[in-house]
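Novice: One structure is given below, represented as structure tokens, and several questions about it will come after.
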Amino acid sequence: MATETRVLHFTTPMTKGQLTDLRVGDEVWLSGTIWGVRDASLIRLFDEKIVPDRDFAGHFFLHTAPSIRSDEMGKVIPISVGTTTSMRMDRFTQGCISQLGGAGIIGKGGLSSNSSAILVKETGVYLSITGGAASLQTLQIEEIEEIIWEDLMPECIWKFRVKDLGPLFVTMDSHGQSQYKDVMDVASANLKNYLSTLGN
Amino acid sequence: MLLTKTNSSEDGFYSDLVNISAYLYKKALTDLPTDVRDAIATAKSNEGEMGKKFLNIMVKSVEVSDETGIILCQDTGICIFYVKIGSRLNIDVARLIEALREGIALSTSQHDLRSSIVHPLTRQNLQNNRGEGIPDVHVDFVSDSDDLEIRLLPKGSGSENMSFLKMLSPADGINGIKKFILESIVEAGPRPCPPTIVGVGLGGTADLCMSLAKRAVLRPVGEPHPDKEIAELERELLGVINTIGVGPQGLGGATTSFAVHIEYAATHISMNPVAVSIQCWRGERASATINKAGVIEYGY
């Protein structure tokens, strides 16, 4: 039942039509704007309800907190841009997708079934980027265009312009499928089977 | 700066330690240990399509770090030092600890590393990867030795957040231990960036047990415990973990973990503690050993 993996290139912002078409198993490469967010910036955005006046609609939120430096001209240069564990920030999916109109989340480790339901309701996707492979990903960042809330460094809101960021994998889609859930369901069943052989 | 020999003057020695610490931090974040590289290569031959894709991306990113010096993961971690001081050395341990901590701050500014360390309540970030009690420095003494061994583990939060401790009862026995370890692996799932190195602590007290689990992840992948019975349990657990199917990045596959490493200590008649400390696929670590003549040897 091996099916050919679809490899798709997009420039953000994404349309709902493009997002509906994405299915678990697709490989995606993105160019354009990506917004970086993380624990502290998400707390300020959605718990403290401070929302900067920017158009986030159709854009992806990357769970990240990079290393940077400023050159002599004050231009911000990316030193290392990678990703972090998404599940810690699971309760902010609602804000990112429903409130700000984001296309989805890019991160590692996936999100819960609550988030999955939001992706179905709002037509969004979760894209997996390889955790710990930041050096490769850093080369795909063309520019850091804006940093919002530098007092939260490194957990600011980051506006990245990316060129062929990828490969990213659709692992949660807008049709309710989650590869994380599928894998963990199997893993839990495998564990249960093994434990039953232990006795006691 | 790469030092190859320490200064013979006392002040020079401690300022050299600052530089050695700074070097070790950048090295641990950039240069993947050879045993971990080998483990990735081995895993590739056992993986399906999806797992292989992730392992290939990991290999590519290791190559980028080798070529460019860009740190491998964005997480600069929370630094833990394990220091062994030869009993014949005359070392001011308080100065040594401060020098190692200062080295982390120096490396942070030298290499524009993200400061990942905050106060636990105020969440204030001093922007130098230091804070109260951090870097954590553990010091042991070795009899009949002239060597100073410094090992650095800049532990990433993705894996460190997946730490587990349970004070089992003696009646829970070995099966209770196995059950807890395997349940921890499934509980962690995709979050610690698998394939992981699983550190297990057995026995001791609650804090010692956790500390043993943490130290266990420092052992090179594939090096079994010298005690045969423990080595056999490591092999058995790794075998079971890799049938569970979490796989690379938690998206399914044959390699959930590269290794299981167990360290143990004696415990109380009414105790049976077990701890699990997980290390992400990078297995980041770096070491320096300084001999009597001041010659520094770097490793992982």
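Novice: Given C-alpha coordinates of chain A, what is the ratio Rg to Rh with the Kirkwood estimate of Rh?
Specialist: Taking Rh as the inverse mean 1/r over Cα pairs, Rg/Rh reads 1.01.
Novice: Which value in deg cm²/dmol, rounded to the nearest 500, describes the helix-derived mean residue ellipticity at 222 nm for chain B, given -39,500 (n - 2.57) per DSSP H run of n ≥ 4 and division by the residue count?
Specialist: -13000 deg cm²/dmol
Novice: Could you check what % of the DSSP bridge pairs in region B:157-279 are antiparallel, to the nearest 5?
Specialist: 60 percent
Novice: Next question, about the same structure. Per residue of A:176-183, count partner chain C-beta atoms within 10 Å of its C-beta, then hand back the mean as an integer.
Specialist: Taking all residues of A:176-183 together, the mean is 3.
Novice: Continuing with the same structure: As I understand it, the dipole of region A:7-198 uses +1 on the Cβ of Lys and Arg and -1 on the Cβ of Asp and Glu, about the Cα centre. Which of A:Pro66, A:Gln140, A:Gly104 lies farthest toward its positive end?
Specialist: Looking along the dipole axis, the top candidate is A:Gly104.
Novice: Here's another thing I want to ask about it. Please list, by residue number, everything in region B:206-224 whose backbone N is under 19 Å from a paramagnetic label point 7 Å out along Cα→Cβ of B:Glu187.
Specialist: Inside the label zone: B:206-217.
Novice: Report the full-extension gain for the segment B:Asn56 to B:Thr205: residue separation times 0.36 nm, less the Cα-Cα distance, to one decimal in nm.
Specialist: 49.6 nm
Novice: Once you list every other residue whose beta carbon is under 10 Å from the beta carbon of A:Thr5, what net charge do they have if Lys and Arg are +1 and Asp and Glu are -1? Provide the component values of the computation, followed by the final result.
Specialist: Values: positive: A:Arg6, B:Lys53; negative: A:Glu4, A:Asp26, A:Glu27, B:Glu49.
That sum, taken over residues with Cβ under 10 Å, equals -2.
Novice: Relative to the longest principal axis of the C-alpha atoms of chain A, give the angle of the C-alpha long axis of helix A:179-198, reported between 0 and 90° and rounded to the nearest 10°.
Specialist: Roughly 40 degrees, rounded to the nearest 10.
Novice: R0 = 60 Å: FRET efficiency of B:Val295 with B:Ala171, Cβ-based, nearest 0.05?
Specialist: Given R0 = 60 Å and the Cβ-Cβ separation, E is 0.70.
Novice: Next question, about the same structure. What is the Å³ per residue value for the convex hull set by the Cα atoms of the protein assembly as shown?
Specialist: 155 Å³
Novice: Distance cut-off 26 Å, Cα to Cα: go down the list A:Lys159/B:Lys214; A:Lys108/B:Lys214; A:Lys108/B:Lys26 and report the pairs above it.
Specialist: Over 26 Å apart, Cα to Cα: A:Lys159/B:Lys214.
Novice: Hey, another quick one. Taking R0 as 35 Å, what FRET efficiency do you get between A:Arg6 and B:Thr42 from their Cβ-Cβ distance, rounded to the nearest 0.05?
Specialist: It comes out at approximately 0.70.
Novice: If you don't mind, another one. Under a Cβ-Cβ cut-off of 12 Å, what is the net charge of the residues other than A:Asp47 that fall near it, where Lys and Arg count +1 and Asp and Glu count -1?
Specialist: Numbers: positive: A:Arg44, A:Lys49, A:Arg91; negative: A:Asp39, A:Glu48.
Local net charge: +1.
Novice: Only helical DSSP H runs with n ≥ 4 go in: add -39500 (n - 2.57) per run for chain A, normalise by residue count and round the 222 nm mean residue ellipticity to 500 deg cm²/dmol.
Specialist: -6500 deg cm²/dmol
Novice: Along the positive direction of the dipole of chain B (beta-carbon charges: Lys, Arg +1; Asp, Glu -1; about the Cα centre), which of B:Ala94, B:Leu32, B:Leu218 reaches farthest?
Specialist: B:Leu32
Novice: How would B:Cys193, B:Cys73 line up from fewest to most surrounding beta-carbon atoms within 10 angstrom?
Specialist: Placing the least packed residue first, the sequence is B:Cys73, B:Cys193.
Novice: Extent of chain B along each principal axis, from alpha carbon coordinates, in Å, largest to smallest?
Specialist: That works out to 55, 49, 42 Å along the principal axes.
Novice: Taking the number of other C-beta atoms within 10 Å as the exposure measure, put A:Met153, A:Met184, B:Met58 in order starting with the fewest. Before the final figure, lay out each step's value.
Specialist: Working: A:Met153 15, A:Met184 21, B:Met58 28.
Fewest to most other Cβ atoms nearby, the residues stand as A:Met153, A:Met184, B:Met58.
Novice: Can you figure out the FRET efficiency of B:Arg95 with A:Lys121, using R₀ = 51 Å and their beta-carbon distance, to the nearest 0.05?
Specialist: Efficiency, rounded to the nearest 0.05: 0.30.
Novice: Still on this structure, please answer the following. Return the tail of the calculated pair distribution for region B:157-279, meaning the percent of Cα-Cα pairs more than 24 Å apart.
Specialist: 18 percent
Novice: Counting other C-beta atoms within 10 Å, which of A:Trp149, A:Trp158, A:Trp35, B:Trp281 has the fewest, and how do the rest follow? Show your work: numbers first, answer last.
Specialist: Numbers: A:Trp149 16, A:Trp158 27, A:Trp35 23, B:Trp281 31.
Lowest count first: A:Trp149, A:Trp35, A:Trp158, B:Trp281.
Novice: Find the centroid of the Cα atoms in region B:1-46 and in region A:15-73, then give the distance between the two in whole Å.
Specialist: Cα centres, region B:1-46 to region A:15-73: 34 Å.
Novice: Hey, rough spin-label estimate for B:Ser270 and A:Arg54, points 7 angstrom out along Cα→Cβ, what's it come to in nanometres?
Specialist: 5.8 nm
Novice: Along each of its three principal axes, how wide is the spread of alpha-carbon positions in region B:1-48, in whole angstrom units, largest first?
Specialist: Principal extents (largest minus smallest coordinate, Cα): 56, 15, 13 Å.
Computed from the coordinates by the stated procedures, all read-outs in this text should not be read as laboratory data. Quantities reported herein were computed from a predicted structural model and do not represent experimental measurements. Backbone-built Cβ (ideal geometry, glycine too); neighbour counts: all protein chains shown.
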